[in-house]
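Down below is the structure, laid out as structure tokens.
The values are calculated or read from the model by the stated rules, or taken from the named source; none is laboratory data. For clarity, every value in this text was computed on a predicted model and none was experimentally measured. Reconstructed Cβ throughout: ideal geometry from the backbone, glycine too, with neighbour counts over all protein chains shown. Only protein heavy atoms, including side chains, enter the accessible area calculation; ligands, DNA and RNA are left aside. Shrake-Rupley method; radii C 1.70, N 1.55, O 1.52, S 1.80 Å.
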Amino acid sequence: RIRLLIILFLSPGYLCLDPFTSGVGLGASIFASAIWNSRETISCMFKECCKEPYVRTNEGVLKKDLEENVFGQHIVKDTVVSSLRSHLKRKDPKKALVFSFHGTTGTGKNFVSEFIAANMFQNGMKSKYVHQFISTVHFPLLSETDKYKADLNAWVQGNISLCERSLFIFDEIDKLAPGIIDTIKPYLDYHQVINGVDYRKSVFVLISNTGGKDIAEVTFQHWKDGKSREELSLTDLEVPLSKAAFNDLGGLHQADIIQKALIDASVAFLPLEKRHVKMCIRRELEDRIQRLEKEQETLPEEERVPVKSYTEEDVDRLAEERSYWPKDYKIFSTSGCKKINIIVDRFLEDDF
């Protein structure tokens with residue numbers, strides 16, 4: 001800008017210009033230049049961008065969220081919170097962070113992935129930097145495996161080139177054709193840059209039921225031995241999990257990302273006991289009742305109706321509607337906390 005002023009000032013044409021006109025023109029030019037240079041900042045005032053506050057550089061309140069909403073999963077809480085915190089606070093992590101979530105139905109795998117998204121991005125799962133793939137939806141046909149590999153490679157490359165701090169969630173990995181997930185192996189490895197793009201700040205979450213049976217057997221034996229559930233550690237389950245994931249048919253079957261140890265944490269979701277199901281029921285009841293009460297406040301007073309409350313006896317009765325195993329002990333829920341919202345809605349809709 002200084003050079004521009006000097007050139008303009010020394011040019012013959014400049015000396016003949018009206019001072020007022022010249023000042024306005026130069027001012028407009030400088031103003032336009034400033035606007036152009038700050039166009040990204042202005043744009044980010046109106047839409048999501050790959051920077052604060054839309055993209056967060058710490059795990060926020062993830063620990064609090066998991067403690068208040070995810071029950072019976074001490075291994076998950078400790079592993080996920082510490083791993084994500086460490087990854088996000090590093091300016092130059094060595095590689096992308098890769099979680100592999102394992103467990104039976106209803107133990108909270110998808111729930112935790114949603115909390116990760118909510119803590120990484122202001123818009124949570126609705127963020128354009130969160131990419132969720134469901135095997136039975138996005139990769140349903142075995143005959144299209146080669147096409148899926150090419151598509152997945154392009155999706156990951158394209159999206160991380162737009163935002164290095166991206167989150168990829170792969171659900172139903174156990175239903176994915178073998179070999180597809182290895183397409184993204186280069187982006188999970190210890191490479192600083194690939195084709196001008198840094199993939200190390202991204203996070204990948206692989207979700208499956210693979211190893212769920214092994215986790216359940218270890219947890220049940222632990223209970224039979226009279227040991228506290230909280231004494232189970234990731235070390236107790238990591239080896240059988242890795243073996244099951246590598247050997248069982250599915251998306252991780254003999255996968256390179258396992259052989260090359262590119263999964264940073266294989267996280268075991270333990271089967272939920274009846275006491276944990278009751279916790280889920282209480283949380284769902286409290287959330288639903290609170291929402292209903294707020295809805296009633298928006299209505300004219302003459303149209304308001306009382307919102308149903310609940311007792312501990314109600315919680316016990318609703319918990320008994322679930323199925324439990326083993327048959328002789330009935331300790332663990334066969335479906336965890338899945339579809340708890342349905343029995344809670346039915347309870348609140350019943351006359352009282």
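Across the stretch 316-349, what is the total count of residues that are open to solvent by less than 80 Å² (accessible area, probe 1.4 Å) and assigned to a loop (DSSP other than H, G, I, E, B)? Summing the residues that are open to solvent by less than 80 Å² (accessible area, probe 1.4 Å) and assigned to a loop (DSSP other than H, G, I, E, B) in the stretch 316-349 gives 8.
Cβ-Cβ distances below 7 Å connect no pair with a first residue in the stretch 300-325 that is farther than 16 Å from His276 by Cβ and touching a residue at least 40 places away in the same chain (Cβ under 8 Å), a second residue that is open to solvent by less than 100 Å² (accessible area, probe 1.4 Å) and basic (Lys, Arg), and a separation of six or more residues or different chains. Among the residues of the stretch 282-298, are any aliphatic (A, V, I, L, M), in a strand (DSSP E or B) and either open to solvent by less than 60 Å² (accessible area, probe 1.4 Å) or under 18 Å from Arg346 (Cβ atoms) (or both)? Scanning the stretch 282-298, I find no residue that is aliphatic (A, V, I, L, M), in a strand (DSSP E or B) and either open to solvent by less than 60 Å² (accessible area, probe 1.4 Å) or under 18 Å from Arg346 (Cβ atoms) (or both), so the answer is no.
Among the residues of the stretch 78-106, those that are surrounded by 18 or more Cβ atoms within 10 Å (Cβ to Cβ), more than 24 Å from Glu164 (Cα to Cα) and either of a type in the set (D, E, K, R) or in contact with a helix residue (DSSP H, G or I) (Cβ under 8 Å, 6 or more places away or on another chain) (or both) comprise His102, Gly103, Thr104.
Do we find that Val205 is aliphatic (A, V, I, L, M), touching a strand residue (DSSP E or B) at 6+ places or on another chain (Cβ under 7 Å) and open to solvent by less than 40 Å² (accessible area, probe 1.4 Å) in this structure? Talk me through it step by step, then tell me what you get.
Values: aliphatic (A, V, I, L, M): yes; touching a strand residue (DSSP E or B) at 6+ places or on another chain (Cβ under 7 Å): yes; open to solvent by less than 40 Å² (accessible area, probe 1.4 Å): yes.
Yes: the conditions hold for Val205.
Within the stretch 157-170, the residues that satisfy the criterion of being in contact (Cβ under 8 Å) with a residue 24 or more places away in the chain and more than 11 Å from the chain's Cα centre (by Cα) are Gln157, Asn159, Ile160, Ser161, Leu162, Cys163, Glu164, Arg165.
Looking only at the stretch 121-136, which residues are in a strand (DSSP E or B) and without any contact (Cβ under 8 Å) to a residue 60 or more places away in the chain? Lay out the reasoning, then the answer.
We begin by selecting, within the stretch 121-136, every residue in a strand (DSSP E or B); these are 121, 130-134.
Selection gives Val130, His131, Gln132, Phe133, Ile134.
Restricting attention to the stretch 40-72, the residues that are touching a helix residue (DSSP H, G or I) at 6+ places or on another chain (Cβ under 8 Å), open to solvent by less than 60 Å² (accessible area, probe 1.4 Å) and without any contact (Cβ under 8 Å) to a residue 24 or more places away in the chain add up to 1. Number of residues in the stretch 211-253 that are out of contact with any helix residue (DSSP H, G or I) (no Cβ under 6 Å at 6 or more places or on another chain) and assigned to a loop (DSSP other than H, G, I, E, B) equals 8. For beta carbons closer than 9 Å, sequence separation of 6+ or different chains, a first residue in the stretch 329-348 that is on the phi > 0 side of the Ramachandran plot and a second that is open to solvent by 20 Å² or more (accessible area, probe 1.4 Å) and not in a loop (DSSP other than H, G, I, E, B), the qualifying pairs are Lys330/Lys274; Lys330/Tyr324.
Of all the residues that make up the stretch 79-97, how many are in contact (Cβ under 8 Å) with a residue 12 or more places away in the chain and part of a helix (DSSP H, G or I)? Lay out the reasoning, then the answer.
If we filter the stretch 79-97 for residues that are in contact (Cβ under 8 Å) with a residue 12 or more places away in the chain, which is where we start, we get 79-81, 83-85, 87-89, 92-97.
Of the ones still in play, those that are also part of a helix (DSSP H, G or I) are 79-81, 83-85, 87-89.
Of the residues in the stretch 79-97, 9 are in contact (Cβ under 8 Å) with a residue 12 or more places away in the chain and part of a helix (DSSP H, G or I).
Among the residues of the stretch 206-231, just one is without any contact (Cβ under 8 Å) to a residue 12 or more places away in the chain and hydroxyl-bearing (Ser, Thr, Tyr), namely Ser228.
Restricted to the stretch 264-281, and to residues there that are out of contact with any strand residue (DSSP E or B) (no Cβ under 7 Å at 6 or more places or on another chain) and open to solvent by 60 Å² or more (accessible area, probe 1.4 Å), the residue that is nearest to Tyr199 (Cα to Cα) is Met279. The set of residues in the stretch 232-263 being touching a residue at least 12 places away in the same chain (Cβ under 8 Å), loosely packed, with under 14 Cβ neighbours inside 10 Å and among the hydrophobic types (A, V, I, L, M, F, W, C) consists of Leu249 alone.
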